[in-house]
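A.B. asks: If you scroll down you'll find the structure; I have some questions about it.
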Amino acid sequence: MYLLDGNALGMTASEAFKRRNEVEFAQPDSVVVSIGYPLTDAVYGLTQRAVDFRPPIPSPENITAGADDFIEFIDEVLRPWVHDTVFPNVEFTREALYGHSWGGIFTIWALITRPDWFDAFFSVSPAIYWNNGSILGVVMEKLGNGTAGSCSTPETEAKPKFFLGYGALEQFPVRRKTETEEAFQQRKAILQSFGMTDYSHELLYRIEGSKRMKDLQLREYAGQGHFGAASSAITEGIDYFVDW
């Protein structure tokens, strides 16, 4: 499993695989490839990820969209190094890509432009709200609507699995015990403007309509916000990935 934002989530995924191995009788050997940045005082490389995970979709922001370059780095530098240098005698039977938040947008971009790139794609709490949800239209353009000739991304025999998760509190928060009503209403207005629940359901509807997935799963995590969903989806996502 190739995991974006590895500084924040790499150990979470590694420990989840280890814990599962203690209670599962047929868990295959697994490797977590944690993709991060040389950070010393934080777990998120906000400046770097804003470029690396950003799809090349027209927007008013004057920020480099580096998603295609990052795909090229993973495909031509990182993956060959993992396969040929780190594990030269290992035959990998399947591989997955996991991204959260902005990493979730990157995962969606990778899925719709390179659906044969990984066997499974995990997009958790993706920032679909970015650029007024423009990536939803690109999903339709790239994957099509299930009819011949409706897609711009070439169809392949391989069909990936797609896992989409988000926290129930991301769009519909509850007031915290120590939070004033004014502060809660301010926080609620911001979170609802992101439309996580609505956008996630619309995304799944469009991807499902393409008929290009082997399987799709949508998970809403009760009582979880943006960052809680990240770890919850890793734990459940491992089951989804292993149970092929």
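A.B. asks: Hey, any hits in the range 131-153 for a residue that's open to solvent by 10 Å² or more (accessible area, probe 1.4 Å), touching a residue at least 24 places away in the same chain (Cβ under 8 Å) and over 21 Å from residue 208 (Cβ atoms)?
C.D. replies: Checked against the condition, which is being open to solvent by 10 Å² or more (accessible area, probe 1.4 Å), touching a residue at least 24 places away in the same chain (Cβ under 8 Å) and over 21 Å from residue 208 (Cβ atoms), the range 131-153 yields at least one hit.
A.B. asks: How about the range 174-215: which of its residues are of a type in the set (Lys, Arg) and open to solvent by less than 30 Å² (accessible area, probe 1.4 Å)?
C.D. replies: 212
A.B. asks: Those residues that are in a strand (DSSP E or B) and either without any contact (Cβ under 8 Å) to a residue 12 or more places away in the chain or over 20 Å from residue 156 (Cα atoms) (or both), I need them from the range 196-220; list them, please. Quick ask: steps written out before the conclusion?
C.D. replies: The first filter runs over the range 196-220 and keeps only residues in a strand (DSSP E or B), leaving 215-220.
Scanning the range 196-220 gives 217, 218, 219, 220.
A.B. asks: Please go through (1) out of contact with any helix residue (DSSP H, G or I) (no Cβ under 7 Å at 6 or more places or on another chain); (2) farther than 24 Å from residue 71 by Cβ for residue 20 and return the number of the only condition it doesn't satisfy.
C.D. replies: (1)
A.B. asks: Here's a follow-up. Which condition number in (1) free of Cβ contacts under 8 Å to residues at least 24 places away in the same chain; (2) within 22 Å of residue 228 (Cα to Cα); (3) loosely packed, with under 15 Cβ neighbours inside 10 Å is the one that residue 14 fails?
C.D. replies: Looking at each condition in turn, residue 14 falls short on (3).
A.B. asks: Could you please tell me which pairs satisfy a Cβ distance under 6 Å, a separation of 6+ or placement on different chains, a first residue in the range 96-108 that is farther than 13 Å from residue 32 by Cα and aromatic (Phe, Trp, Tyr), and a second residue that is assigned to a helix (DSSP H, G or I) and open to solvent by less than 10 Å² (accessible area, probe 1.4 Å)?
C.D. replies: Pairs found: 106/67.
A.B. asks: So, one more: Can you tell me which residue in the range 33-71 is farthest from residue 129 (Cα to Cα), limited to those that are open to solvent by 90 Å² or more (accessible area, probe 1.4 Å) and not in a loop (DSSP other than H, G, I, E, B)?
C.D. replies: 69
A.B. asks: Can you find a residue that is over 14 Å from residue 124 (Cβ atoms), surrounded by 15 or more Cβ atoms within 10 Å (Cβ to Cβ) and not aromatic (Phe, Trp, Tyr) anywhere in the range 230-244?
C.D. replies: Yes, the range 230-244 contains a residue that is over 14 Å from residue 124 (Cβ atoms), surrounded by 15 or more Cβ atoms within 10 Å (Cβ to Cβ) and not aromatic (Phe, Trp, Tyr).
A.B. asks: Something else now. For the range 91-106, does any single residue satisfy the condition of being surrounded by 17 or more Cβ atoms within 10 Å (Cβ to Cβ) and touching a Cys at 6+ places or on another chain (Cβ under 7 Å)?
C.D. replies: The answer is no, given that none of the residues of the range 91-106 is surrounded by 17 or more Cβ atoms within 10 Å (Cβ to Cβ) and touching a Cys at 6+ places or on another chain (Cβ under 7 Å).
The values are calculated or read from the model by the stated rules, or taken from the named source; none is laboratory data. Predicted, not measured: the structure shown is a model, and the values here were computed from it. As a convention, Cβ positions derive from the backbone with ideal geometry for all residues, glycine included, and neighbour counts pool all protein chains shown. Surface areas here come from the heavy atoms of the whole protein model, side chains and all, with no ligands, DNA or RNA. Shrake-Rupley method; radii C 1.70, N 1.55, O 1.52, S 1.80 Å.
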